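Asker: Have a look at the structure that comes next, please.
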Amino acid sequence: MYIGVKFREQGQIYYFLSEQEDLTSGDHVIVSTEEGQGIGRVALTDTELPESLYPEEVKGIDRKATDDDLARMRENEELARNSFTYCREQIKQMGLDMKLVDVEVRFDQSKLVFYFTAPSRVDFRDLVKDLVNQYRARIELRQIGVRHEAQILGGIGNCGRICCCHQFLREFVPVTIKMAKEQQLFLNPSKISGVCGRLLCCLNFEKKAYADFFSRCPKIGRKYQTSIGEVKVLRANFFRDTLVLDAAEGEEREINLLEWSELFTGEVESEEVECPPADPESVPTEILVEDQGTDNSDPEVEGSEQSPGEQQPQKEKNSGGSGQRKKGRRSRGKRRGGSRSGGKNKGKSKGGGTGKAASEGKNGAQGKQQKKSGR
């Protein structure tokens, strides 16, 4: 028969072939692994192999654990607790930016594995030398993620129960923000995140149920032609398996999906443009950042270098064609023209009678314009 063995309380289950039929759940067995002999606890008995394993790949157990093997296991547990305390003190003295999570001792005490978390890379070479001199064994420092830390330490989730990863979940699957949107949850990091600070693993438990529900529902916000007239789908309720419709004159009506299949006759072509949903991959899985706005200034206008003659048309364009600015330019032009003509007239008046002739010509031109306007 095949049995499932766990080497750690929160570890994965490994399958072995056993010829002993007296094994029960909770017994300890000695098995051969890639790193030597190990002792594990029987978690499953007389079970079937997963589809990913073949019978040829499954190894057999060596024997059932004896009293001496159980005594060695308790000794290893005591050594793990002492080494955990010693290593944590050394980390504090050396000022290393790391957090020790757990210590694992191999069955033959040939190797000690220290699990820790850290925000970045840590230079722990001096720490390893100190641990080797202290325990005279191979030392391995293994950095783990925050999810594995929560799996080892455990905790109480928002639902009031023990964390799923600590209780029964052994393998982590990707969890995206799209799952929270499909389940119509508020995108509040404190509500949809676990004790580890990542998205809740339980969002993946109901993924298939919500996918099946929305596959049977019409699209939210679309208008459809039904036997009772044109309606618009406002909301969908997963728990009640119903839809909320907007009938004529803003009247809301709630029906179940079976009634909807009987009322539906076709989709109405609407000119309304729906806003495309946000890409769930672009939203961070740990923290949702609000939009802080963008700068509307034109960098080309601010950073360009032009001569005074070239800057004048640009300013007129940016002014948006305001009448005040154009009027001011005309007045400046008249003043400039008047000053120039005044200078010429002054110079020509010395020659005798030139200023008078100019004024008469001007009055004649004004008279012609009045005649044209009268026509």
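Asker: Is there a pair in Lys59/Lys178; Lys6/Lys111; Lys99/Lys191; Lys181/Lys223; Lys59/Lys111; Lys191/Lys219 whose C-alpha atoms are over 30 Å apart, and which pairs would that be?
Answerer: Pairs exceeding 30 Å: Lys59/Lys178.
Asker: Along the Cα→Cβ direction, 7 angstrom out, place labels at Lys208 and Gln134. What is the inter-label distance in nm?
Answerer: According to this spin-label approximation, the distance is 4.7 nm.
Asker: Shifting gears a bit: Report the full-extension gain for the segment Leu234 to Arg72: residue separation times 0.36 nm, less the Cα-Cα distance, to one decimal in nm.
Answerer: Difference between extended and current length: 51.8 nm.
Asker: Over all distinct alpha-carbon pairs, what is the Kirkwood Rh of the stretch 151-204 in angstrom?
Answerer: This gives a value of 11.6 Å.
Asker: State log₁₀ I(q)/I(0) for the stretch 217-267 at q = 0.26, 0.27, 0.29 Å⁻¹ as given by the Debye formula over alpha-carbon point scatterers of equal weight, solvent excluded.
Answerer: Taking Cα atoms of the stretch 217-267 as identical point scatterers yields -1.02, -1.10, -1.27.
Asker: For a label point 7 angstrom out from the Cα of Lys111 toward its Cβ, which stretches of the stretch 33-47 have the backbone nitrogen within less than 18 Å?
Answerer: 33-40
Asker: Ratio of Rg to Rh for the stretch 61-160, alpha carbon only, Kirkwood?
Answerer: Taking Rh as the inverse mean 1/r over Cα pairs, Rg/Rh reads 1.03.
Asker: If you don't mind, another one. Considering only DSSP beta bridges where both residues belong to the stretch 2-65, give the percentage that are antiparallel (nearest 5).
Answerer: About 95 percent, rounded to the nearest 5.
Asker: Test of understanding: what is the full-extension gain from Glu9 to Gln184, defined as 0.36 nm times their sequence separation minus their Cα-Cα distance?
Answerer: Here the segment from Glu9 to Gln184 would lengthen by 59.5 nm.
Asker: To the nearest Å, what is the center-to-center distance of the stretch 76-104 and the stretch 154-175, using C-alpha atoms only?
Answerer: 25 Å
Asker: So, counting K/R as plus one and D/E as minus one, what does the shell of residues with Cβ under 11 Å around Ile13 add up to?
Answerer: Overall, the nearby charge balance is +3.
Every number in this text was worked out from the coordinates using simple rules, so none of it is lab data. The structure presented is a predicted model; accordingly, all values stated were derived computationally and were not measured. Ideal geometry is used to build each Cβ from the backbone, glycine not excepted, and the neighbour counts take in all protein chains shown.
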